[in-house]
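The values are calculated or read from the model by the stated rules, or taken from the named source; none is laboratory data. No experiment lies behind these values; they were computed from the predicted model shown. Glycine gets a Cβ as well: all are built from the backbone with ideal geometry, and neighbour counts include every protein chain shown. Heads up: the accessible areas ignore ligands, DNA and RNA and are worked out on the full protein's heavy atoms, side chains in. Shrake-Rupley method; radii C 1.70, N 1.55, O 1.52, S 1.80 Å.
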Amino acid sequence: MNPVTAMKASITVMAAALLALALSGCDAPDAPAPQAEQPEPAQSSIRVSDWQQQHRQQFEAAAARWQQALVTMDQEADQDSLDAARLALADWYETFTAQTLLLNARACQLDQQALLERMDSWPLYPGYIDAMPQWPESGLISDPYLEMDRKTLRLQHGATDAAEASLGFAAMLVVLNGSGDALRGLDHFQGQDNNAPRRLRYLKLAGEQAVADYQSLSNSLPVSADNLDCALSRIIQRHQKLASSAVNDDELVIPDVVRRTVNDRLLASLEQLPDSAASAWNESRPGLLDTLAASAEEGWGPLEAWQLRGDGE
């Protein structure tokens, strides 16, 4: 078997393994950060098990579509398969962003905010992860001496600076799409040139890590009003971070897909809150439902005012 055929067969087998991993809820031995000790439910807990299950099914379905698109692109790298992979990754990120409230509540509950940040790290240095036109040999993908596995990617993530992202959706989008005005060319994913095999392997590994990290934040425990307060505060901070971020330059970027999705979906993610959870949260934080309703009509202003008043404390 020639090297190209062997690599394709290997990637196809590994992709199938990832899909089985996502559906089984099991993780590879080297994957997630250590799980925090899970707290015991309190009397004031807000039950969200159905909401959690729905989110998990949606996330894993989007992950499976992305992984299948990646396998198809590796088997037959043409413009149609590349376009399909780009759509699948954008859809996966939109699914992730729509789950922001519960994900942040879990991160606050389990003290795993750093893990969630790793899944969605931006802005980032695009030249840290992949080559750029002005720096054709830059990036982890371009380094033939760097082992390309999940452990290495975790170790390299934020090694000396928070913008040194080797994992997360934004890094994957940079590798798949590029960071300039023009999308990365098809030749970066074909044959043995332009580090195409390492680029495809990176996309596969980073996707696996995203699934593993998500699973570390997924459980059936109730959450508390404090957890949801913490989540809402972090969502507002995320919005403010994007609003204050400079336009992309040659060094520090926020991928266009991230900008559009966070702008369009972050506030709307609060609408995913089930009525039963919203009512229980409102009992602890009177006036919250009115604030959420006002923000649905007026934008971020009512929520930011709520936070400044300390109503969520």
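Sequence-ordered 3J(HN,Hα) estimates for region 155-161 from the Karplus curve with 6.51, -1.76 and 1.60 and θ = phi - 60° stand at 5, 7, 5, x, 4, 10, 7 Hz, glycine and proline given as x. By definition, a body whose alpha carbon gyration tensor gives a ≥ b ≥ c is prolate when a/c is 1.5 or more and a/b is larger than b/c, and region 238-294 fits this prolate description.
Backbone phi angles across region 177-188, fed through the Karplus curve with coefficients 6.51, -1.76 and 1.60 (θ = phi - 60°), yield HN-Hα couplings of 9, x, 10, x, 5, 8, 5, 4, x, 4, 4, 6 Hz in residue order; Gly and Pro are listed as x. Extent of region 97-153 along its three principal axes (Cα atoms, max minus min coordinate, largest first): 41, 23, 15 Å.
Pull out a ≥ b ≥ c, the square roots of the eigenvalues of the alpha-carbon gyration tensor of region 39-119, then state rounded if a/c is under 1.5, prolate if not and a/b is larger than b/c, and oblate in the remaining case. Here region 39-119 falls in the prolate category.
So if R0 is 25 Å, what FRET efficiency would Asp50 and Ala294 give, r being the distance between their Cβ atoms, rounded to the nearest 0.05?
On the way: r = 27 Å, r/R0 = 1.07.
The calculated FRET efficiency here is 0.40.
Proximity of backbone amide H atoms, modeled 1.01 Å from N, is registered between Ser138 and Met132 at under 5 Å, excluding neighbours fewer than 5 places apart on the same chain. Given a 1.4 Å probe and the protein chains as shown, Lys241 ends up with an accessible area of around 70 Å². Evaluated over the Cα positions of region 70-177, the convex hull gives a direction-averaged projected area, one quarter of its surface, of 8.0 nm². Under a 5 Å amide H cut-off, with hydrogens placed 1.01 Å from N, Ser166 pairs with His157, Gly158 among residues at least 5 apart or on other chains.
If R0 is 25 Å, the Cβ-Cβ spacing of Asp83 and Asp181 corresponds to a FRET efficiency of close to 0.90.
Residue by residue through region 293-309, what is 3J(HN,Hα) from phi via Karplus (6.51 cos²θ - 1.76 cosθ + 1.60, θ = phi - 60°)? Round to whole Hz and write x for glycine and proline. My calculation for region 293-309 gives 5, 5, 5, 4, 8, 10, x, 6, x, x, 5, 5, 5, 4, 5, 5, 6 Hz in order. According to the Kirkwood relation over distinct C-alpha pairs, the hydrodynamic radius of region 171-313 is 18.2 Å. On a per residue basis, the convex hull of the C-alpha atoms belonging to region 215-257 measures out at 115 Å³.
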